[in-house]
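Note sheet for the following structure.
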Amino acid sequence: MFNQRVFSGVQPTGNLHLGNYLGAIANFVRLQNRQTFECLFCVVDLHAITVFQDPSELRRQTREVAAAFIASGIDPDRSILFHQSGVPGHAQLAWIFNCVARLGWLNRMTQFKEKSGKDRENVSVGLFAYPNLMAADILLYKATHVPVGEDQKQHLELTRDTAQKFNNDFNCPDFFPLTEPLIEGPATRVMSLRDGTKKMSKSEPSEFSRINLSDSADEIADKIRKARTDPEPLPSEIAGLAGRAEAQNLVSIFAALEESTAEAVLARFGGQNFSTFKSALVDLMVARIVPIGTRMGQLLNDPGHLDRIMWQGAARADAIARPILAEVYDRVGFLAPIA
C-alpha cells in the first residue's frame, strides 16, 4: 500500500517535443519505476481549452499525449493514465476552489501575464483561473508530491495556499496535504536549439528550434548539427559553462538522455570541439527518441485502444476522487445524497 501519491499532467496541445519528454514524461517514468509512489498521470484536456481548440484536433492530440506516455514507458497497469475530462471531480472541485482562492493570488501569477500579453481583457476566464483547476487536479487525489518544472512552481505554491485556506476555513487542519514539488533531473527546463535563453516550444516558428518526438533519425541529426553553439571548445568543469547558454543546454540534454550528470558529460567531452560532441549527441538522441516516435505511431493507429486505456484509467482515478470529493461537499455544507 502506497503512503505517497504523485499527480502530474501534460496538456494535449500538439507537436510533443524533447522538452515535453525530458522535462516531464521521462520523470514520470522514473517515479513509476521507483515503486514508492502511487502515480496518476493525466492528459489535462480541461486545461487545453482555456484557449480555443478545434474539437477533432483536441481528440487527436489527447490520444497523442497518451501514446507518448505509453511509448516512453508509462505502464497503464502500474500507473493510472487517464484524461482529465473523464473524471468530473476535477471541474467540481475547481469551482469550490474558485470560491476559496483569492483574486489577489491569481493576479500575481506570472504565467497568466505572459500568456495574456497586451490582450488581457479578451482572454478566457478559464485562463485566468487555470491555477485553481491545477490545485483541484492535485488535491482531488490528496497528492503528496507533484513533479513540476521551474515555471510551474508558483502554481504549486498557490495549490498549497488553497489547501491551507480550505483547511482553516472549514476547521479541518489536516484534510488536504501541503503538496511538495519534485524538481529533478539535469534537464528540467529544455531550451531552444536556436536560442539557449528561450524555452523549447512548439510555437517557435523554426522547426530547427526543437526536436519533435516524431522526428526521424535524419531530421534529428540535421537539427543537432545546426544547433546554435559558440566557437569555444567544451569546458571540463561546470563553471566553464557560465554565460554559454547554448552549450549549457546541449550538455544538459546529453546528461538527461544518458541519465547521468552534466559533470560526467564534461569530464568525457571537456576540451573537445562541438562537432565531436554533437556527433555523440545525435547517436544518443536517435537511440532514445526514434523508438518512442515509432511506438507512438503504432499506438495512434489504434485510437480505440488508447481511448479504452484512458477510460479505464479514468474509472480508477474516479474511485479515488469520489470519497474525497464527497467529504469536501460535506465540509462545505452541500446536501448529502438521499439513500
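I want the local charge near VAL10. Using Cβ-Cβ distances under 13 Å, sum +1 for each Lys or Arg and -1 for each Asp or Glu among the other residues.
Summing Lys and Arg as +1 and Asp and Glu as -1 gives -1.
If you average 1/r across every pair of different Cα atoms in the chain and take the reciprocal, what Kirkwood value do you get, in Å?
Computed over the chain, the radius equals 21.2 Å.
Springs between alpha-carbon pairs under 10 angstrom, Gaussian network model over the chain: which of ALA256, ALA319, ALA136 fluctuates most?
Per the Cα network of the chain with a 10 Å cutoff, ALA319 tops the list.
Could you size up the charge dipole of the chain around its Cα centre, putting +1 on the beta carbon of Lys and Arg and -1 on that of Asp and Glu, and report it in debye to the nearest 20?
260
Given labels modelled 7 Å from the Cα in the Cβ direction, how far is it in nm from ALA336 to ARG225?
Roughly 7.1 nm, to one decimal.
If packing is taken as the average number of other Cβ atoms within 10 Å across a peptide's residues, how do 29-40, 297-308 rank, most packed first? Could you put the intermediate results ahead of the total?
Details: 29-40: 17.7, 297-308: 14.3.
Final packing ranking: 29-40, 297-308.
Taking the convex hull of the alpha carbon atoms in the stretch 207-298, what volume per residue do you get, in Å³?
It comes to 83 Å³ per residue, whole-number rounded.
Would you please put 141-149, 214-222 in order of how densely packed they are, using the mean number of other Cβ atoms within 10 angstrom per residue and starting with the highest?
Numbers: 141-149: 20.8, 214-222: 16.7.
Descending packing order for the listed peptides: 141-149, 214-222.
Would you mind counting up the charge near ALA317? Only other residues with Cβ under 13 Å from its Cβ, with Lys and Arg at +1 and Asp and Glu at -1. Intermediate values should be presented prior to the final figure.
Values: positive: ARG5, LYS142, ARG316, ARG322; negative: GLU38, ASP137, ASP318.
Value of the local net charge: +1.
Given the Cα-Cα distance of VAL125 and LEU178 and 0.36 nm per residue of separation, how much length would full extension add, in nm?
The VAL125-LEU178 span can extend by a further 16.5 nm.
Please find the FRET efficiency linking GLU258 to LYS202, where r is the Cβ-Cβ separation and R0 is fixed at 22 Å, and quote it to the nearest 0.05. Intermediate results must be reported in sequence, preceding the final value.
On the way: r = 25 Å, r/R0 = 1.12.
It comes out at approximately 0.35.
Step through the residues of the stretch 203-220 one at a time and calculate ³J(HN,Hα) from phi using the Karplus curve (6.51 cos²θ - 1.76 cosθ + 1.60, θ = phi - 60°), rounding each to whole Hz and writing x for Gly and Pro.
Computed from phi, the couplings for the stretch 203-220 are 7, 5, x, 7, 5, 7, 7, 8, 9, 7, 5, 8, 5, 7, 4, 5, 5, 4 Hz.
Sort CYS42, CYS99 by Cβ crowding within 10 Å, fewest neighbours at the top.
Ordered by Cβ neighbours within 10 Å, fewest first: CYS99, CYS42.
What does the charge count near PHE208 come to, summing +1 for each Lys or Arg and -1 for each Asp or Glu among other residues with Cβ under 14 Å from its Cβ?
Charge balance in the 14 Å sphere: +1.
How high is the relative contact order of the stretch 207-298? Use alpha-carbon pairs under 8 Å, at least six apart in sequence, and give a whole percent.
Relative contact order of the stretch 207-298: 38 percent.
Name the residue farthest towards the positive end of the dipole of the stretch 207-298 from the options PHE254, LEU234, LEU266, assuming +1 on Cβ of Lys and Arg, -1 on Cβ of Asp and Glu, about the Cα centre.
PHE254
What does the highest-first list of 60-67, 84-91, 242-249 look like by mean Cβ count within 10 Å?
Order by mean packing, descending: 60-67, 84-91, 242-249.
We did not get these values from a lab; they are worked out from the coordinates using the rules stated. All values reported here derive from a predicted model rather than from experimental measurement. Virtual Cβ from ideal backbone geometry, glycine too; neighbours counted across all protein chains shown.
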